[in-house]
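Okay, so here's the structure we're looking at.
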């Protein structure tokens, strides 16, 4: 399946925004690697939300601030994002991007952070994730700040959908179902492992779509805090298959995705689906890499 024109345009925009003008990020910048925190301060973690002016981003940002692990929220966009209160600040446009990212522990949807805050954990939601994660990885490599454990593509949406559909069939509450979803984040690359579905603590329901990025961010913050047993599906640098990136269950800790779990036993349907997913996913990954290396 060939990527749509809209997907190509999104890739181009995200690629450009991940590599901001040298005016802000080169030698005249006063920000250095040491300024970025790995652990939160006594009062909580600092979170930056980029692309904060969008419709779903506004409730997402509010929910993020309500998280008891969060002390400060920075909201950034190229339009309509000036600040609200002392601990929720808005930043507008390229000239304020560096200030928006100073000292952040977690960044949701990265834009131009390769030199601003290299120690932050990055949650990338911008689609197509199958290509934007490789784009971000290449940008960070160029900046000399790439840490594969700290770059996570958010695929929790796929898990929530799978939990919801299985729960409907079984007559259960979706929050009581846990279906691992592996592969990628579009089309045939999304592979729910129904043979491994089990009762467990689901993440959310489809009616809570704006909360899904917040739920994943909360998992990352709990990992940063040092909580044990924080496991979620995410699209990350991986050796689970021959592909350089793949979505599967990962254990999240103080340094990000600290362990990437193997797929486990698959049935015949899932094995066939895996081969189809890998073929499509390989094309998406290559498209992202080529965008930066060309």
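How long is the gain from residue 254 to residue 269 if the chain were fully straight, where each residue apart is worth 0.36 nm and the alpha carbon distance is subtracted? Present the calculation step by step, with values, prior to reporting the outcome.
On the way: separation 15, 0.36 × 15 = 5.40 nm, distance 3.62 nm.
Once the chain is fully extended between residue 254 and residue 269, it gains 1.8 nm.
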Spin-label model distance (nm) - residue 99 vs residue 165, 7 Å beyond Cα toward Cβ: 4.7
For the residue pair residue 66 and residue 143, what label-to-label distance in nm results when each label sits 7 Å from Cα along the Cα-to-beta-carbon direction? 3.1
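Report the calculated FRET efficiency for residue 242 and residue 199 (r = Cβ-Cβ distance, R0 = 30 Å), to the nearest 0.05. Intermediate results must be reported in sequence, preceding the final value.
Working: r = 33 Å, r/R0 = 1.10.
The formula returns an efficiency of 0.35 here.
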Computed log₁₀ I(q)/I(0) - Debye formula, equal Cα scatterers, no solvent, the range 154-293, q 0.11, 0.16, 0.18 Å⁻¹: -0.40, -0.86, -1.07
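No lab work stands behind these numbers, since they all come straight from the coordinates. Since the model is a prediction, treat every value here as computed from it, not as a measurement. Note that each Cβ is placed from the backbone with ideal geometry, even for glycine, and that neighbours are counted across all protein chains shown.
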